[in-house]
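Working notes, structure below.
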Amino acid sequence: MRFIAVREFRLHPGGVWRCLSKERELVLTARGKPVGLLMPVDPTTLEETLRTWRQARGLAALSKLQAQAQQRGLHRWTQRQIDREIRLVRALRRRS
């Protein structure tokens, strides 16, 4: 995986596009930190590509939530405890 600075992208966009066609994915960086991903897209499969990307992001978020729940011991909660927590949160929202 290749990293490309925002500055390089701004100054030499053609070179970045050529690199993208070879590498298939680039990590865009600002001040040395990743800020985005570049990947080529086929116009005929754009919607499918976006759907797949969003699904992958959702799975990553779910995995993170599951890890946090396990660290906090929440994975041991019973359905009754979960239902109670939901009722409490909903009650607080109604009051706000």
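The values are calculated or read from the model by the stated rules, or taken from the named source; none is laboratory data. None of these values were measured; they are calculated from a predicted model. Cβ sites come from the backbone with ideal geometry, for glycine too, and all protein chains shown count toward neighbours.
Residue 28 meets the conditions (1) modelled with pLDDT under 95; (2) within 25 Å of residue 14 (Cα to Cα); (3) surrounded by 11 or more Cβ atoms within 10 Å (Cβ to Cβ) in every case but one. The failed one is (1).
One residue stands out in segment 31-64 among those that are at pLDDT 95 or above and polar (S, T, N, Q): the one that is farthest from the chain's Cα centre (by Cα), namely 44.
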